[in-house]
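Working notes for the structure below.
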Amino acid sequence: MQLAENRAPDGFDDVTAIISRAELEEIAASYKRMAGSDKETLNTRASLSVG
Amino acid sequence: MRVIVIGGGIGGLTAALSLHAAGIEAEVFEAVPDLKPLGVGINLLPHAVRELTELGLGDALAGISIATEKLMYAKRFGQEIWASPVAWRRAISSPSTPCTASGSVRTSPSRPQGRAVRPTRGRRDCQLRRRQRHGRCRGRGGRHPFSGPQTQLFPCEGPPKWNNRVLWRGVPDAAPYLDERTMVVAGHQDQKFVCYPIRRSHDAKLNGAPRRRGSCWPTVAMVQSR
């Protein structure tokens with residue numbers, strides 16, 4: 001969101017004109033990995049509340 | 001071992017249920033005598049939904065919430081930046097999430113059967129409330145969480161860090177948008193708007209008035225730098 005604001009403060013017609021699809025996918029994937037909310041991690045890790 | 005949990009909010013009750021699942025007796029103390037709706041909703045993140053499901057609350061949660069299917073990020077003008085399906089995420093409406101006067105979210109007053117969570121009544125509760133009146137003990141949530149037990153237990157930690165951002169919440173009755181299951185986050189790092197549906201009209205009433213069929217209540221939050 002901040003990247004889109006920095007690169008196109010007045011808006012855009014097509015987001016891929018300011019952020020490539022590959023860059024968008026990498027940002028989304030790295031955020032999910034960092035937050036631990038990607039589907040694979042979430043569904044395979046042990047529960048935090050029930051041992 | 002016996003554990004005392006101060007604060008019957010969503011965190012306190014979940015902690016008590018987790019302790020119970022581990023075979024540890026837990027008793028929850030809550031200073032607010034009556035559970036009342038505050039008129040807000042809450043979006044449970046995937047981690048929270050996963051743990052509540054593990055605690056056997058998945059069906060109960062499904063009955064009072066809307067599963068978020070998609071998370072969409074947008075410019076402040078509404079143009080879509082990125083949207084993706086989400087897993088294990090749910091939005092809960094306000095009638096089931098009463099809140100304390102200080103603003104911390106509380107769960108439903110109906111507790112799961114067979115759990116070790118006890119309501120706060122009797123002598124101990126009176127003692128806790130008396131301590132509150134004298135400023136010696138407070139719950140773990142609220143506007144000034146470090147004025148409570150944290151201050152007493154960890155006096156060297158000092159006041160919490162603040163990022164100079166203020167959050168407002170509201171629950172308007174509004175027409176459905178997109179697929180009625182999308183959470184929208186729009187704006188940038190200094191000003192952000194968050195919106196998600198928390199209940200549909202045909203299964204809900206607000207102040208006794210039936211809602212227009214098909215409409216839903218998005219909850220709205222705004223973050224601004226001060």
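The values are calculated or read from the model by the stated rules, or taken from the named source; none is laboratory data. What you see is a predicted model, and the numbers here were worked out from it, not measured in a lab. Cβ coordinates were reconstructed from backbone atoms using ideal geometry, including for glycine residues, and neighbour counts include every protein chain displayed. SASA here: full protein model, heavy atoms, side chains in, ligands and nucleic acids out. Shrake-Rupley method; radii C 1.70, N 1.55, O 1.52, S 1.80 Å.
Among the residues of segment B:37-69 satisfying the criterion of being more than 13 Å from chain A (Cβ to nearest Cβ) and among the β-branched types (V, I, T), which is farthest from B:M183 (Cα to Cα)?
My answer is B:I64.
When you look at A:D10, is it open to solvent by 90 Å² or more (accessible area, probe 1.4 Å), within 9 Å of chain B (Cβ to nearest Cβ) and over 15 Å from B:E80 (Cβ atoms), yes or no? I'd like the intermediate steps shown before the answer.
On the way: open to solvent by 90 Å² or more (accessible area, probe 1.4 Å): yes; within 9 Å of chain B (Cβ to nearest Cβ): yes; over 15 Å from B:E80 (Cβ atoms): yes.
Yes: the conditions hold for A:D10.
Taking into account only those residues within segment B:4-32 that are away from chain A (no Cβ under 14 Å) and more than 18 Å from the chain's Cα centre (by Cα), which is least open to solvent (accessible area, probe 1.4 Å)?
Here is the first cut: in segment B:4-32, the ones away from chain A (no Cβ under 14 Å) are B:4, B:6-9, B:25, B:27-32.
From what is left, the residues that are more than 18 Å from the chain's Cα centre (by Cα) are B:4, B:25, B:27.
Details: B:I4: 92, B:E25: 82, B:E27: 16 Å².
Looking at residues that are away from chain A (no Cβ under 14 Å) and more than 18 Å from the chain's Cα centre (by Cα), I get B:E27.
Every residue in segment B:176-193 that is in a strand (DSSP E or B) and within 18 Å of A:L3 (Cα to Cα), please.
From segment B:176-193, those in a strand (DSSP E or B) are B:182-188, B:191-193; that's our starting set.
B:V184, B:V185, B:A186, B:G187, B:H188, B:Q191, B:K192, B:F193, listed by residue number.
Out of A:A29, A:A4, I need the residue that is more than 7 Å from chain B (Cβ to nearest Cβ) and within 15 Å of the chain's Cα centre (by Cα). Which one?
Values: A:A4 fails: more than 7 Å from chain B (Cβ to nearest Cβ).
After applying the criteria, what remains is A:A29.
Would you mind finding the one in A:A35, A:A17, A:A46, A:A22 that is without any contact (Cβ under 8 Å) to a residue 40 or more places away in the chain, more than 9 Å from every other protein chain (Cβ to nearest Cβ) and closer than 30 Å to B:A22 by Cα? Reasoning before the result, please.
Working: A:A35 fails: more than 9 Å from every other protein chain (Cβ to nearest Cβ); A:A17 fails: closer than 30 Å to B:A22 by Cα; A:A22 fails: closer than 30 Å to B:A22 by Cα.
Going through A:A35, A:A17, A:A46, A:A22 in turn, just one is without any contact (Cβ under 8 Å) to a residue 40 or more places away in the chain, more than 9 Å from every other protein chain (Cβ to nearest Cβ) and closer than 30 Å to B:A22 by Cα: A:A46.
Within segment B:33-77, how many residues are β-branched (V, I, T), open to solvent by less than 40 Å² (accessible area, probe 1.4 Å) and over 30 Å from A:L3 (Cβ atoms)? Reasoning before the result, please.
Within segment B:33-77, the subset β-branched (V, I, T) is B:40, B:42, B:49, B:53, B:64, B:66, B:68.
Adding the requirement that they be open to solvent by less than 40 Å² (accessible area, probe 1.4 Å) leaves B:40, B:42, B:49, B:66, B:68.
Add one more test, that the residue is over 30 Å from A:L3 (Cβ atoms), and what stays is B:40.
Count: 1.
Using the structure shown, decide if A:E5 is of a type in the set (D, E, K, R), within 23 Å of B:K192 (Cα to Cα), open to solvent by less than 50 Å² (accessible area, probe 1.4 Å) and assigned to a helix (DSSP H, G or I). Working first, answer last.
Numbers: of a type in the set (D, E, K, R): yes; within 23 Å of B:K192 (Cα to Cα): yes; open to solvent by less than 50 Å² (accessible area, probe 1.4 Å): yes; assigned to a helix (DSSP H, G or I): yes.
When the stated conditions are applied, A:E5 passes them.
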